[in-house]
Amino acid sequence: MADNIKRSPLCGRNFEYFSEDPYLSGKMAASYVSGIQSQGVAACIKHFAANNQEYQRMCTNSVIDERTFREIYTTGFEIVVREANPLAIMSSYNMINGTYAFENRHLIQRLLRDEWGFDGCVISDWGACNDIVKSLKAGGNLEMPGCGKASAEEIIKAVRDENLSERILDKRVDELLDVILWTYEFKNYKTKYIDSDESKSVVLEERESIEPDFDAHHKLARKAARESIVLLKNEGEILPIASDKKVALIGQMAATPRIHGGGSS
């Protein structure tokens with residue numbers, strides 16, 4: 001769930017964001033997270049932080065003074081963390097003042113964990129982990145969509161070379177396991193332990209699933225849409241467009257609209 005600020009109309013992810021206002025975004029996100037997690041699902045807030053454009057998002061550097069950073073770009077995240085305690089946060093692709101978000105200790109460890117009291121897991125956006133050891137030191141937990149052996153070997157080497165303490169590594173693992181165990185306990189999983197010659201493994205039997213009531217959900221969505229309609233003033237009698245006027249729709253999306261953003265618009 002995205003909690004970034006609608007800063008520019010050109011941002012391709014604006015369809016995911018709540019508002020131009022940090023306070024409103026935070027309050028809406030907090031309610032959203034509370035609803036999700038009340039059903040035993042771990043909510044993940046993204047993209048942390050200052051991710052307000054898609055163009056060159058993998059390498060752009062968001063240069064922001066501290067006051068602006070706190071009052072505009074992280075206020076929404078702070079509200080949702082303090083009020084709803086989401087289980088996960090996803091970092092953004094961009095750099096913040098020269099340091100990638102998933103390696104940014106000021107962002108993850110100092111603000112998110114130390115000041116706001118976040119104790120869940122921090123995951124990278126897909127392919128946004130550039131240095132797993134730096135990320136672990138900064139407070140990150142999980143490289144997505146998967147690291148394979150390369151990152152695991154980097155971690156092992158860093159521990160052996162005393163470039164990464166086992167204490168920090170253990171803490172990052174504990175934070176991740178806490179999220180996993182939270183979902184198991186909430187859903188009342190039954191556990192079976194299986195002993196073998198090599199290891200002891202755990203098999204989890206999930207409780208019976210419940211089919212959602214789609215009709216009721218659609219009805220609620222329509223109600224929410226109706227009650228959130230904003231009446232705009234038709235200054236200059238712009239609407240309706242006169243039949244003798246022409247409107248230009250320019251660009252690829254005019255020919256083939258991308259409904260709901262297509263994941264990453």
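If you take the residues of region 198-233 that are at pLDDT below 90 and farther than 23 Å from Gly40 by Cα, which of them is farthest from the chain's Cα centre (by Cα)? Please lay out each step first, then the result.
Just the residues of region 198-233 that are at pLDDT below 90, to begin with: 198-212, 228, 230-232.
So of that shortlist, the ones also farther than 23 Å from Gly40 by Cα come out as 198-201, 228, 230-232.
Working: Glu198: 38, Ser199: 35, Lys200: 34, Ser201: 31, Ser228: 24, Val230: 28, Leu231: 31, Leu232: 32 Å.
Restricting to residues being at pLDDT below 90 and farther than 23 Å from Gly40 by Cα, the top hit is Glu198.
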Exercise. Have a look at Leu142, Leu136, Leu112, Leu107 and point out the one that is out of contact with any strand residue (DSSP E or B) (no Cβ under 8 Å at 6 or more places or on another chain) and either of a type in the set (A, V, I, L, M) or at positive phi (or both).
Key: Leu136
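Can you say whether Asn141 is among the polar types (S, T, N, Q) and either closer than 19 Å to Cys44 by Cα or open to solvent by less than 30 Å² (accessible area, probe 1.4 Å) (or both), as far as the supplied structure shows?
Values: among the polar types (S, T, N, Q): yes; either closer than 19 Å to Cys44 by Cα or open to solvent by less than 30 Å² (accessible area, probe 1.4 Å) (or both): yes.
Judged against the criteria, Asn141 is a match.
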Quiz item: Which residue out of Ile72, Ile45, Ile79 is open to solvent by 60 Å² or more (accessible area, probe 1.4 Å), β-branched (Val, Ile, Thr) and touching a residue at least 40 places away in the same chain (Cβ under 8 Å)?
Solution: Ile72
Exercise. Select from region 232-253 the residues that are open to solvent by 100 Å² or more (accessible area, probe 1.4 Å) and among the polar types (S, T, N, Q) and write down the one among them that is nearest to Gly12 (Cα to Cα).
Key: Gln252
Quiz item: For Phe48, which of the numbered conditions (1) modelled with pLDDT of 95 or more; (2) in contact with a Pro (Cβ under 8 Å, 6 or more places away or on another chain) fails to hold?
Solution: (2)
Exercise. Could you tell me whether any residue of region 33-41 is surrounded by 20 or more Cβ atoms within 10 Å (Cβ to Cβ), closer than 19 Å to Trp116 by Cα, under 14 Å from the mean Cα position of the chain (by Cα) and modelled with pLDDT of 95 or more?
Key: yes
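Looking only at region 100-112, which residues are surrounded by fewer than 24 Cβ atoms within 10 Å (Cβ to Cβ) and within 18 Å of Glu143 (Cα to Cα)?
We begin by selecting, within region 100-112, every residue surrounded by fewer than 24 Cβ atoms within 10 Å (Cβ to Cβ); these are 105-106, 109-111.
Of everything in region 100-112, those that are surrounded by fewer than 24 Cβ atoms within 10 Å (Cβ to Cβ) and within 18 Å of Glu143 (Cα to Cα) turn out to be Arg105, Gln109.
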Quiz item: Which condition number does Gly146 fail, the rest of (1) within 22 Å of the chain's Cα centre (by Cα); (2) part of a helix (DSSP H, G or I); (3) over 20 Å from Thr99 (Cα atoms) being met?
Solution: (2)
Exercise. Give me a count of the residues in region 144-155 that are among the β-branched types (Val, Ile, Thr) and either open to solvent by 80 Å² or more (accessible area, probe 1.4 Å) or in contact (Cβ under 8 Å) with a residue 40 or more places away in the chain (or both).
Key: 0
Exercise. Within region 114-136, track down each residue that is open to solvent by less than 20 Å² (accessible area, probe 1.4 Å), within 27 Å of Arg67 (Cβ to Cβ) and in a helix (DSSP H, G or I).
Key: Ser135
Self-check item: In region 81-107, the residues that are of a type in the set (A, V, I, L, M) and over 18 Å from Ala2 (Cβ atoms)
Solution: Met95
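The values are calculated or read from the model by the stated rules, or taken from the named source; none is laboratory data. Being a predicted model, the structure only gives us computed values, none of them experimental. Methodologically, a virtual Cβ is constructed for each residue, glycine included, from the backbone with ideal geometry; neighbour enumeration extends over all protein chains shown. The area values use the complete protein model at the heavy-atom level, side chains included, leaving out ligands, DNA and RNA. Shrake-Rupley method; radii C 1.70, N 1.55, O 1.52, S 1.80 Å.
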